[in-house]
Every structure is written in C-alpha cells, then in structure tokens.
Amino acid sequence: MAKTFLQVQKQIEQLQKEAEHLRKKEADGVLSRIKEAIAVYGFTATDLGFGKASGRVAVARTAIAKKTKKSKKASVAATGAPKFKDDQGNVWSGRGPRPAWFKAALEAGKSADELLAK
C-alpha cells in the first residue's frame, strides 16, 4: 500500500525530532571535550579568538616575530602603508571600504592605477 501525504509528513516530523536529539547529544559531547581542553591547557577567551591578543598568545607572537626576519615589503604591507594617494594628501591602504575621496576620484575619471602611491 502506498503512503499518503500525511503519513510522510508525520514520518518527516519524527525524523526531524530524532535528528535534533542526536545533534544535541553530539554537541554536548563536543562541548565537554572543548571545556576539558580549555581547562587542561589554560586557554583564555582571547586565545580562542574572542578579543584582542594578550597573554600567552601575544608573547608567542612576539617571540615568533623576533625570530622571523620579514622583508621590507612584507612589513610595509602588514602595517597598512598607503597603497593609494591623491594630490590633496588623502591616503588609503587599499583595505576596507573605499573612502569617499577615492570614489570621487574614480567618478571624476581617474583610474585606480593613477592613484597608486609610488
């Protein structure tokens, strides 16, 4: 005998409840393992990416930075040095939203290549 629409709907509802129960059970296990790792290794919210770097992570990054010699080009890019500038002294690193002066220059007929800082 073929199933009716209502029978299939009830089966879907039952399977969704079962899936949610399994998801919650798995999530609880994952959460307990995460909490255990946090306790064992002493991670902070900052270490997990919830805030700016400080503590052990900042010290580790500083040590790595001292050991690694960056080329001038890499350090300039990391500091957000101006990539674009105009005649009025406006500058933009090329990161983030385009500033109003940059948009206005493009609308006035300039190209992005013409605004490149040299």
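The values are calculated or read from the model by the stated rules, or taken from the named source; none is laboratory data. Nothing here was measured: the structure is a model prediction, and the numbers come from that model. Neighbour counts are summed over all protein chains in view; Cβ atoms, including those assigned to glycine, are modelled from backbone coordinates with ideal geometry.
Brief remarks follow.
- There is no residue in region 62-74 that is modelled with pLDDT of 60 or more, among the charged types (D, E, K, R) and surrounded by 10 or more Cβ atoms within 10 Å (Cβ to Cβ).
- Considering region 97-113, and only residues there that are in a loop (DSSP other than H, G, I, E, B) and closer than 15 Å to Lys85 by Cβ, the residue that is farthest from the chain's Cα centre (by Cα) turns out to be Lys110.
- Of all residues in region 11-61 being small (Gly, Ala, Ser) and part of a loop (DSSP other than H, G, I, E, B), the one that is modelled with the lowest pLDDT: Ser54
- Check on Val8, among the aliphatic types (A, V, I, L, M), part of a helix (DSSP H, G or I) and either surrounded by 10 or more Cβ atoms within 10 Å (Cβ to Cβ) or at positive phi (or both): yes
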